[in-house]
1. Take residue 256 and decide whether it is surrounded by fewer than 19 Cβ atoms within 10 Å (Cβ to Cβ) and assigned by TED's automatic domain parsing to the domain that holds residue 173.
2. Taking only region 103-154 into account, find how many residues are at pLDDT below 80 and not in a helix (DSSP H, G or I).
3. All but one of (1) crowded, with 17+ Cβ neighbours inside 10 Å; (2) of a type outside the set (Ser, Thr, Tyr); (3) at pLDDT below 75; (4) within 30 Å of residue 139 (Cβ to Cβ) hold for residue 52, so report the exception by its number.
4. In region 164-174, how many are surrounded by fewer than 21 Cβ atoms within 10 Å (Cβ to Cβ) and under 13 Å from the mean Cα position of the chain (by Cα)?
5. Scan region 67-102 for residues that are part of a helix (DSSP H, G or I) and in contact with a Gly (Cβ under 6 Å, 6 or more places away or on another chain) and jot them down.
6. Scan region 175-216 for residues that are touching a Leu at 6+ places or on another chain (Cβ under 6 Å) and surrounded by fewer than 19 Cβ atoms within 10 Å (Cβ to Cβ) and jot them down.
7. Identify the residue in region 217-232 that is free of Cβ contacts under 8 Å to residues at least 24 places away in the same chain and surrounded by fewer than 16 Cβ atoms within 10 Å (Cβ to Cβ) and, among all such residues, is nearest to the chain's Cα centre (by Cα).
8. Quick check: anything in region 23-37 more than 30 Å from residue 245 (Cβ to Cβ) and either at pLDDT 75 or above or of a type in the set (Gly, Ala, Ser) (or both)?
Amino acid sequence: MFQGIRFIPDDTDLPFMLYSRFGFLLSGFFCVAAFLVFLFNGLNYGIDFKGGTLIEVRTLGNVNIGDLRSRIGGLDLGETELQEFGAPNDILIRLETQSGGEVAQTAAVDQVTKALGKDVEIRRVELVGPKVSGELTQGGIIAVIAAVILVLIYIWFRFEWQFGVGAVASLLHDVIITIGVLSALRIEFNLNTIAAILTIIGYSLNDTVVIYDRIREYLRKFKKKPFVNVINEALNATLARTIITGTSTLIALLALYVWGGEVIRGFTFTMIFGVLIGTYSSVFVAAPALILLGSVRDTKREPAKASP
């Protein structure tokens, strides 16, 4: 009878928990580094958060981005940015927030439209004022915090409180390091990035729940086996699923990053890094956290040492 391809042998017995302390030290180092980078470097906020204007245009004649840049540069509108995306004749124009409020922003758009002339088709104009950007910032922060709290409640009711704390620690680990990388690389932080972070939380949670569910199953099945060994066996049992799910997701995201265009590049990069760090944290943060916190069964006896 035909047997499916097995990427991970059935008898795999990797001692994950033997390296849990190293994983905690590595994660702690990167979390502190990410916090410091964010503290001193900040985030490269997009128009969604700092206000401004985004104009999407399509060139109709023999007009290149250098020509458009020279036209707009002479308007004295402050910092402007032009970049190609999608098709070769599609261009995004970003204008900084103009002093004078929305009236000044609208006037700036009119100036740009006149400077571009008839050789360019205006396809989209987005105007974000300071008040709106402040509301978006507050809403983004609330969305992330609410997601983490709901995760804690969900895991707490489904498993035990120790599992809930371990899952939240893993999610905070992913979010902090991801934000640190975005800050270090100066990748634009906008609503798409917030969406990517929330997606990362969901992906990492799903990976963690699968591992936790197997740990709970093995705790009931092997009642006399040391807790550390139970976690090792659960991680090995779910290793194939973890690798295959992560790899297939990365393949799709890499395709989007290469061919998806500039508009979603920040989103896809955040997702790619988030999948990698989320897979790592499910194994080396969420699972080892249970050893530090102790399960209900494990706290009734002396903790066992990991077998080599």
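The values are calculated or read from the model by the stated rules, or taken from the named source; none is laboratory data. Since the model is a prediction, treat every value here as computed from it, not as a measurement. Neighbour counts are summed over all protein chains in view; Cβ atoms, including those assigned to glycine, are modelled from backbone coordinates with ideal geometry.
1. For residue 256, the condition - surrounded by fewer than 19 Cβ atoms within 10 Å (Cβ to Cβ) and assigned by TED's automatic domain parsing to the domain that holds residue 173 - is met.
2. 4
3. Status for residue 52: all satisfied but (3).
4. Of the residues in that region, 1 qualify.
5. Once the filter is applied, which keeps residues that are part of a helix (DSSP H, G or I) and in contact with a Gly (Cβ under 6 Å, 6 or more places away or on another chain), region 67-102 yields only 102.
6. none
7. That would be 217.
8. Looking through region 23-37, at least one residue is more than 30 Å from residue 245 (Cβ to Cβ) and either at pLDDT 75 or above or of a type in the set (Gly, Ala, Ser) (or both).
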